[in-house]
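One structure below.
Derivation of every value follows stated rules applied to the coordinates shown; laboratory data play no part. Predicted model, so just to flag it, every value in this text is computed and none were measured. All Cβ positions, glycine included, derive from the backbone under ideal geometry; neighbour counts span all protein chains shown.
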Amino acid sequence: MGSFDGPALWFDGTLVALPLAAGFDGGNATGISASGTIVVGVARGPAENRAVRWEGDSMTPLDDVGSGSEWLHTYALDVSADGSIIVGSGTSRDTATEPFVWDEEFGLRRLFDVLSNELGLGVSDFDFGLALAVSDDGRVIVVLASPEPFIADITSPVGIDIVPGSDTNVIELTRDRLVSVQIFGTQLLDVDDINVDVLAFGPYAAPVEHVFHPSDANGDGYLDLEVRFETGETGIAAGDTEACLSGRAMGLPFEVCGPIEATLFGFGPGTEVPGCGRGFEGALALPALLLWWRRRGRSACHGRIWR
Ligand SMILES: [Ca+2]
Ligand SMILES: [Ca+2]
């Protein structure tokens with residue numbers, strides 16, 4: 001048995017040393033994702049301390065992706081359940097310690113910039129210290145600041161219209177049917193900043209099937225984005241009255257829900273519909289699993305609807 005001094009992960013009864021990249025000789029692990037596959041912390045070296053992410057056998061420093069900040073030393077302190085949002089603190093050439101938020105697309109960003117520029121929040125009265133913790137869903141950050149600590153909701157303000165142009169939002173659960181969702185741009189939300197690759201609709205998080213060119217659908221002067229999903233992939237079941245769209249805009253997570261009326265077009269209750277998709281087939285074959293999924297989907301459906 002050897003010994004070591006450095007970041008480690010307790011796994012299945014054994015303490016496992018986390019790998020350190022060249023140029024680092026120590027560190028700390030400070031946070032872990034829900035599945036345990038992503039660990040965050042700091043790697044220490046003679047020249048710098050770097051916020052890092054461990055995944056499998058690799059250590060990856062959290063990089064600045066062109067935000068203009070020049071970070072000297074960074075420390076990751078917490079990670080969201082799925083590993084997509086990491087928070088911590090760092091020092092730059094210009095400032096004392098200040099909090100950052102990291103995501104894969106935009107890298108390290110000053111939390112102050114994100115709150116004031118992307119979310120339009122007035123935070124100039126605060127002296128920021130650390131971003132101490134992030135909620136499991138990656139949408140709420142605990143910030144140590146003076147004159148007092150605060151909780152920042154970094155949910156991107158996204159408004160949607162399910163089945164654009166209709167108030168009843170009937171979704172027919174038939175084969176190969178697509179359902180449209182209009183995402184509204186605003187002064188704060190440029191729809192070009194929506195990552196369509198991670199958009200997910202319904203309890204089964206259906207991926208986007210079709211993306212339209214942005215156009216100003218509601219005539220407010222801001223471009224809107226219409227996307228379409230295959231109803232069979234959404235997991236929406238007959239009788240559902242609400243559906244949610246989740247994704248990321250400017251790297252910030254969002255989940256927004258709207259009313260629907262889900263019907264089995266042309267089929268009586270309990271009729272087996274060939275190729276109808278997981279949602280409907282699941283309802284026939286795996287009621288317990290479907291219920292669990294639907295509960296899970298609903299419990300996360302408290303997002304604000306901005307219209
Ligand atoms: Ca509608
Ligand atoms: Ca518009």
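Couple of notes before you dig in:
- Arranged from fewest to most other beta-carbon atoms within 10 Å of their beta carbon, Glu148, Glu233 become Glu148, Glu233.
- Net lengthening on full extension, His210/Glu172 (0.36 nm per residue, minus Cα-Cα): 11.9 nm
- Each residue of region 77-90 is assigned a 3J(HN,Hα), and the resulting list reads 10, 7, 9, 5, 4, 8, x, 7, 10, 10, 10, x, 9, x Hz, derived from the Karplus form 6.51 cos²θ - 1.76 cosθ + 1.60 (θ = phi - 60°), x at Gly and Pro.
- Amide proton proximity set for Met59, modelled H, under 5 Å, gap of 5+: none
- Here region 8-153 is assigned +1 on the Cβ of each Lys and Arg and -1 on the Cβ of each Asp and Glu. Its dipole about the Cα centre then comes out at about 360 debye.
- Close amide H pairs (under 5 Å, H built 1.01 Å from N) link Leu77 with Val87, Gly88, Ser89, residues at least 5 positions away or on another chain.
- For Thr234, Thr241, order by how many other beta-carbon atoms lie within 10 Å, fewest first: Thr241, Thr234
- Full-extension gain in nm, Leu15 to Val123, via 0.36 nm per residue minus C-alpha separation: 34.7 nm
- Extension gain, Thr263 back to Asp25 (0.36 nm per residue minus Cα-Cα distance, nm): 79.7 nm
- Relative exposure of His213, His73, judged by other C-beta atoms within 10 Å (fewest first): His213, His73
- Under 5 Å between amide hydrogens, built in the peptide plane, is the criterion, and for Thr30 it picks out Val40, Gly41, Val42 among residues at least 5 positions away or on other chains.
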